[in-house]
Amino acid sequence: MKILVVEDEKRIADNIKKGLELKSHIVDVAYDGYDGYSFAASEEYDVIILDLMLPGKDGVTICKQLRAEGDSTPILMLTAKTLVEDRVNGLDSGADDYLGKPFAFEELIARIHALSRRPQGVLVEELMVGDLTLDPKNYEVKRGSKKIDLSKKEFALLEFLMRTPGTVYSKEELTERVWEFDADVLPNTAQVYIGYLRNKIDKPFPNRKPLIQTVRGFGYKIGE
């Protein structure tokens, strides 16, 4: 695949480029928004990896311009921001998916492959695991037809798990990925929030198979 990486942190951009090239992809890199937009508008790519915060043009502006011009190239937005509103803005601008920093390279590869298989112009509206659905754009969770109200952090944790169903994460990994910028996070915070989620998406549905599972000695996953 031919991939464009638009990222102003040179170390991150160069590491992504090196890793993707080791996977036999062709990679162009731009370190600011102006060059990123120029590359995207003048070349054809299979996937664009686009940082949200860029000098010159930010990622949202670039994404909106490309979509307004009829460019349906799959866009994966990178963001260090964890607020739901920031992710919603990215998706509203036309991005197909987003990935929070810091991220595992294996997850980046998985997201790229998923985007490359998706018909262009088709945006992800919902995540689904069994009868549980999560709409990242409208901040809505349902099990079957019943709406489930979650706090922002509960939503962020559930969304993270649902983006990689079946993958086991330790409580340390969950804390790093979901609470990465929270100074007052405690060692058992992820474990506590797993309990909160169980109380909302599993316990009220005793006749359905629990979706949040503990893998003893390793961590937690979501799946049927």
*Packing-wise, with mean Cβ within 10 Å as the measure, how do 215-222, 144-151 rank, highest first?*
215-222, 144-151
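Taking the chain on its own, what percent of its Cα-Cα pair distances exceed 31 Å? Provide the component values of the computation, followed by the final result.
Values: 5915 of 24976 pairs.
Of all Cα-Cα pairs in the chain, 24 percent lie more than 31 Å apart.
Once a ≥ b ≥ c are taken as the square roots of the eigenvalues of the Cα gyration tensor of segment 2-117, is the result rounded (a/c under 1.5), prolate (a/b larger than b/c) or oblate (a/b not larger than b/c)?
Details: a/c = 1.30, a/b = 1.13, b/c = 1.15.
Rounded, since a/c falls under 1.5.
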_Dipole magnitude (debye, nearest 20) for segment 2-117, charges at Cβ of Lys, Arg, Asp, Glu_ = 240
*Place a +1 charge on the Cβ of each Lys and Arg in segment 127-222 and a -1 charge on the Cβ of each Asp and Glu, then give the dipole magnitude about the Cα centre in debye, rounded to the nearest 20.*
560
*Where the centroid of each part is defined by its Cα atoms, how far is segment 137-165 from segment 14-70 in Å?*
29
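Where a number appears in this text, it was derived from the coordinates with a stated rule and is not lab data. Nothing here was measured: the structure is a model prediction, and the numbers come from that model. No Cβ is skipped: glycine too gets one built from the backbone with ideal geometry, and neighbour counts run over all protein chains shown.
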